[in-house]
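Read the structure below first, then the notes.
The values are calculated or read from the model by the stated rules, or taken from the named source; none is laboratory data. As the structure is a prediction and not an experimental result, all values here were calculated from the model. Using ideal geometry, Cβ is built from the backbone for each residue, glycine included, and neighbour counts are taken over all protein chains shown. All accessible areas refer to the heavy atoms of the entire protein, side chains included, with ligands and DNA or RNA removed. Shrake-Rupley method; radii C 1.70, N 1.55, O 1.52, S 1.80 Å.
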Amino acid sequence: MKGVTLENEYAYILDSKVFLKGYMGMPDRQIGEVKRTEEEAFQYFVNRYDIAVSKVNQLETEIEEAQNKGSYLTKLIQLRKRLLNFDGIGNFIPLLEKLDVLEASLTSLIGDNQSSNLEIKRALIEEARPYEHSEDWKDTADILQEIRTKWIRTGPVEKELNDKIEEDFKSILDTFYQARKVFFEEQNRIIDERIFKYNELIRKGEELQNRTDWDEAFLDLKNMQTEWKIIGDIPPKVLKVLYKNFKKPTSLFYDRYCRSKGIVPKRRVDPRIEAQMKMVKEVEKLAESEDMISATNRAKYLLNEWKTIRVPAHLADRNVAERFRAACDKIFELSYLFKVIARKYPTFNFLSDKQKDLTKYREMENIVKRARTDLEDLIHSYDGQSSGYEMDQMMQSNLKTQKRKLLMKEVILEELRQKVAML
């Protein structure tokens, strides 16, 4: 080539400029200039070719080792574009041919995966379809959320089919969630209407405080109380606050009414509250029993009975419920302790009282240590997870239960420690 001063089969130097010879129908192109000597410039770009080889080999290795090989197709296409404009001296044709082979393999694999994904997504559509018009809002929402999670984890399908299949699936979800939205909007409207009625009764109750037409006012009070009972359900916490606001002025009026009539009011305790208090006293007594097998069986029975007593939110006493739950927890934890002792110490009943207390203390100490470790592991396993509101609620509920149980174990351990210290 006229004027060329340095050349090999892939490149040459002309007028102090380095040119890569054209290949695969592409023209010659300048890739650099001579800075110092032609030999150094030539060798620099020969060395750069090794970078291109390394990039192709590295991509090939990554694809071979990857589980999701299809995700590398875009990276491969981008590398090919860079090679076609890469400033280096060497034979790029084998590198591009290697990329062609890899691309053909990935394209085939992606096609197979897309066919498989299509089958999976069609199956998920059929799985979701029966729930499209369901009115079991909570359970159906849970089921559809699980199906949707599977859908998201399933890879893409062919572009020509993707829009249609996505629309089919979205239509099922939209139909259910839109109906659920309408239902809850109506429920919220009803609740707002009921809250308004409750507030109207509170306002009327406050007006009673200044009335002295005792008989007529007392009749109005009875009518208000009757109306309060039939308004309907609203969120328990809201009802509890509203009832407190209604109870205060009406109670003040009733006290004034009784004084004006010379009546000594007799406070009536709700029979459901009385039943709960009776159960609390019984289960607290059971927690001190020596016969933990019988105590456990009775506690389980009482626990089920407790659930059947529907105390309105405005009457419920949180302290009573916590006492009952704590006493049951203590029985169950002591029952477990005695099971461990019975398994590990067959001659436990022949030990002295001092040895029995020491044995119980040591075993309870081990149980508490394991419970603390289990709780730490549980917290660690939940850390950073986010699976939606309802799943988060389940996680928090589980953690709360485990913390409560650990607290009771620690209470029992402290009681045993004090007992041992007195020996």
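Say we look at region 225-240 and pick out the residues that are touching a residue at least 60 places away in the same chain (Cβ under 8 Å) and of a type in the set (Lys, Arg); which of these is least open to solvent (accessible area, probe 1.4 Å)? Among them, the one singled out is 240.
One residue stands out in region 250-297 among those that are within 22 Å of residue 333 (Cα to Cα) and among the acidic types (Asp, Glu): the one that is nearest to the chain's Cα centre (by Cα), namely 284.
Tallying residues that are open to solvent by 70 Å² or more (accessible area, probe 1.4 Å) and under 60 Å from the mean Cα position of the chain (by Cα) within region 1-27 yields 3.
Which residues, taken from region 105-140, are among the small types (Gly, Ala, Ser), in contact with a helix residue (DSSP H, G or I) (Cβ under 9 Å, 6 or more places away or on another chain), modelled with pLDDT of 90 or more and assigned to a helix (DSSP H, G or I)?
Answer for region 105-140, where residues must be among the small types (Gly, Ala, Ser), in contact with a helix residue (DSSP H, G or I) (Cβ under 9 Å, 6 or more places away or on another chain), modelled with pLDDT of 90 or more and assigned to a helix (DSSP H, G or I): just 128.
Taking the numbered list (1) open to solvent by less than 100 Å² (accessible area, probe 1.4 Å); (2) charged (D, E, K, R); (3) over 23 Å from the mean Cα position of the chain (by Cα); (4) under 29 Å from residue 113 (Cβ atoms) in turn, residue 164 passes all entries but (1). Being free of Cβ contacts under 8 Å to residues at least 24 places away in the same chain and out of contact with any Pro (no Cβ under 7 Å at 6 or more places or on another chain) holds for only one residue in 66, 52, 41, and it is 66.
For region 194-214, the count of residues that are touching a Leu at 6+ places or on another chain (Cβ under 7 Å), open to solvent by less than 90 Å² (accessible area, probe 1.4 Å) and not in a helix (DSSP H, G or I) is nonzero.
Reported count of residues in region 72-104, each being hydroxyl-bearing (Ser, Thr, Tyr) and either surrounded by fewer than 17 Cβ atoms within 10 Å (Cβ to Cβ) or not in a helix (DSSP H, G or I) (or both), is 1. State all residues of region 167-178 that are surrounded by fewer than 17 Cβ atoms within 10 Å (Cβ to Cβ) and either modelled with pLDDT under 85 or more than 27 Å from residue 112 (Cβ to Cβ) (or both); if no residue qualifies, say none. The answer is 171, 174, 175, 177, 178. Only one entry of 243, 257 meets the criterion of being touching a residue at least 24 places away in the same chain (Cβ under 8 Å), closer than 20 Å to residue 316 by Cα and open to solvent by less than 80 Å² (accessible area, probe 1.4 Å), and that entry is 243.
Considering only region 149-161, state which residues are under 26 Å from residue 393 (Cβ atoms) and surrounded by 16 or more Cβ atoms within 10 Å (Cβ to Cβ).
151
Which residues, taken from region 14-42, are within 21 Å of residue 93 (Cα to Cα) and among the hydrophobic types (A, V, I, L, M, F, W, C)? Selection gives 18, 19, 20, 24, 26, 31, 42.
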